[in-house]
1. For chain A, state the semi-axes of the equivalent ellipsoid (square roots of 5 times the eigenvalues of the alpha-carbon gyration tensor), sorted largest first and rounded to whole angstrom.
2. Which of the helices in chain A meet the span-like rule: DSSP H, Cα axial reach of 18 Å or more, Kyte-Doolittle mean at least -1.0?
3. What's the whole-number percent of alpha carbon pairs in the stretch B:138-191 lying beyond 12 angstrom?
4. Quick one, what does Rg over Rh come out to for the stretch A:339-388 if you take C-alpha atoms and the Kirkwood Rh?
5. Treat the protein assembly as shown as a sphere of radius equal to its Kirkwood radius over Cα pairs and apply Stokes-Einstein at 37 °C in a medium of 0.692 mPa s; give the translational diffusion coefficient in µm²/s, rounded to a whole number.
6. Under a cut-off of 18 Å between alpha-carbon atoms, report the lysines in cross-link reach of A:Lys400, not counting same-chain residues fewer than 8 places apart.
7. How much length, in nm to one decimal, is gained on full extension between A:Val260 and A:Val103, taken as 0.36 nm per residue of separation minus their Cα-Cα distance?
8. Calculate the radius of gyration of the Cα atoms of the stretch A:316-428 to one decimal place, then report Dmax, the largest Cα-Cα distance, as a whole number, both in Å.
Amino acid sequence: MSDTVKNTLLFAGVAALIAGTGFIQSWNAALFILNMGLISAIMALGVNLQWGIAGLFNVGVMGFVALGGLATVLVSMPPVGDAWAAGGARVMAGLALGAATIVAAVLLHRHMAAGRARSLAMIALLAGGFFLYRFVFDAGVVAVEAVNPAGTGYLGGLGLPVLLAWPVGGLLAAGAAWLIGKTALGLRSDYLAIATLGIAEIVIAVMKNEDWLARGVKNVTGLPRPVPYEIDLQQDPAFVARAEGLGIDPVTASTLYTKVGYAILFVVVLAIIFWMAQKALNSPWGRMMRAIRDNEVAAEAMGKDVTARHLQIFILGSAVCGVAGAMMTTLDGQLTPSSYQPLRFTFLIWVMVIVGGSGNNLGAVLGGFLIWFLWVQVEPIGLGLMQLITAGMAEGSALKEHLLGSAAHMRLFTMGLILLLVLRFSPRGLIPEK
Amino acid sequence: MDILNALVALSNFVIIPAIAYGSQLALGALGVTLIYGILRFSNFAHGDTMAFGAMLAVLTTWWLQSMGVGLGPLPTALLALPVAILGTMALLLLTDRTVYRFYRQQKAKPIIFVMASLGVMFIMNGLVRIIIGPDDQRFSDGERFIISARNFKQMTGLQEGLAVKTTQGITVVTAIIVVVALFWFLNRTRTGKSMRAYSDNEDLALLSGINPERVVLVTWLIVAGLTTIAGVLYGLDKSFKPFVYFMLLLPIFASAIVGGLGNPLGAIAGGFVIAFSEVFITYAWKKVLGYLAPEGLAPDGLIQLLSTDYKFAVSFVILVIVLLFKPTGLFKGQSV
């Protein structure tokens, strides 16, 4: 069986699984799986770029995805005029002061000779800068958060079209990746893992606690959408007439219509990113990356700047994750910082890449669809399994209750197990690298 | 100016909690550093191993309590500790057999070990949540305080109280005993010396007839002891919650790297550096400064450098600074 036939069969299999959901459960559920599958595939492409092509271990995918989500709010929500008037300038001035302090410290470090004088000057500069920053910034934050805390209490966004947020999300994630890569790349390979783990937690902590930015745990809801609202469609006589012509009731038709709209947008983005990833993989640049991955010492001896190339691909991969994060928040229509869990947004993506086939873009896309499908459908299966195990136990026994209650945690266990099994017995995945 | 009250307030809210937290971090970082030195990878499952060990201790404590066994003023969990350590040893040896040994024989890259440890981390995390659930569990009993704030005030007549929790005392005492025993073992016994030799130079150690599988086995046994003790002490001092142990991973790694990965002495120093900076930076200094400042100049605000929500950011920033300026850590660690 040739590779093309095998790959086509694999993709057809996943398509059949999703279509099966459509026939058995509902087309709404199937489209939901398809849409999130498309987003997952993009995230998997980003991680595959880092791990599959360059061998970089990023366990902070969640942080980059969350930054993409933040970009959606910052770009698409209308600005809150009162909040800007109350303290917007002060907050911005505070942030600028903070940034200026760091830049000044970097310049100082570069231009003064090493020694005690430099250390003291650095400490004085950083301490002074910090207090000045807090002095300017804090009052601004209090003023901004005091403006209608139940409704807004934040600065709002720029009020631009939401589609613009997708590339901006990529840029935000790329910026964060640059910071991390600058510090942790070029050192031992596990330091990057630790640094990314840390930055992901910190991004989430900032999003939860800085209410002036995106309302923190109060969440931003009602994000603008790139597709029409269901309710508008249902009131549009032309749409209702067409739906009835097809024999579907208007309510179902409207939800399907918007979901298909999203799916088309996502397919376009996936196609673009896949095309670019494929081009990158097969270009001289991609060959160089794989050469570095397979033997860093030899590549360095051939005159390749390993650290700079790693930084490059780390930023690119993180940007792809950021774009996917922005798309996901757009699909959800709201930003909920507390919903970002490392298991769901870091670990699951890793399982997708490894199961699909690390180093192969097609494999990453397949893994994205397949694992997402399983993730959605494993929960009922897990509960069923627990019910089977506990079937023989007495009704109302404490152990039975406990086991049924813990079925939700089966996901952690299963995903860990899948990763270990694939890593050990089939490290090349479903569609291996050529 | 009231230096005495300021000093008492400072010890009560900063120094004593930081010493206890630092001891817990140091024990955790010792485990990370040992695994790094001998098995040469960063073990991401460390936090969840702590959770697993602590969970065993919690379950054993509940069982002992239901049997009416106790230690009087000391927490019953101390009696449960040996059982928990044995259980964790069994679990770690099992994971080594089923997961890590295969990659060791393959001579896989360290990053593959790290990935495998991530898988182990999620399996352990899942196990703990399935067995005991994701909620907070309290299992400390016995006397709550060595010195309570009210007694201290009565004794000294000061305005500020100084409270020392029993768990804090136990933490420090246990940490000292464990560290002394560990260093005695590493420096004085034959097995300990062979472990250090293996960590310094694997090839040379193999040539001189050291059995690598035995070294690895002993390492896992010691790590099981260290993680369980650290996990139980942390759980006694704060409370047992599986998710918190996952979050501890960052400060523990930061401690080990700040001290110098692979260097046990560095792990202890790193633990205290991280703990003190975390507490110093997230503590609201209003009270202490209020005593120190001259009449009428007492601060209005909380004088808190960062809110406690960002305590993990503190360890991260210290980690980044060390990686930038001294990648081998304060004490010379193994590699860059």
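Every read-out reported here was derived from the displayed coordinates using simple, explicitly stated rules and does not represent laboratory data. Everything quoted here is computed from the prediction, not taken from an experiment. No Cβ is skipped: glycine too gets one built from the backbone with ideal geometry, and neighbour counts run over all protein chains shown.
1. On the way: eigenvalues 292, 200, 107 Å².
Each semi-axis is the square root of five times an eigenvalue, giving 38, 32, 23 Å.
2. Numbers: long enough: A:3-24 (31 Å, 1.25); A:27-48 (30 Å, 1.53); A:61-76 (23 Å, 2.11); A:89-111 (32 Å, 1.30); A:116-146 (45 Å, 1.24); A:165-184 (28 Å, 1.07); A:189-209 (31 Å, 1.21); A:250-282 (47 Å, 1.30); A:306-332 (39 Å, 1.13); A:361-389 (39 Å, 1.47); A:410-425 (22 Å, 1.92).
TM-like helix candidates: A:3-24, A:27-48, A:61-76, A:89-111, A:116-146, A:165-184, A:189-209, A:250-282, A:306-332, A:361-389, A:410-425.
3. Values: 1025 of 1431 pairs.
Percentage above 12 Å: 72.
4. On the way: Rg = 12.6 Å, Rh = 11.6 Å.
Result for the stretch A:339-388 is an Rg/Rh of 1.08.
5. On the way: Rh = 28.4 Å.
Approximately 115 µm²/s, per Stokes-Einstein.
6. Here the lysines satisfying the reach criterion relative to A:Lys400 do not exist.
7. Working: separation 157, 0.36 × 157 = 56.52 nm, distance 4.68 nm.
That pair, A:Val260 and A:Val103, stretches by 51.8 nm at full extension.
8. When restricted to the Cα atoms of the stretch A:316-428, Rg and Dmax are 17.2, 56 Å.
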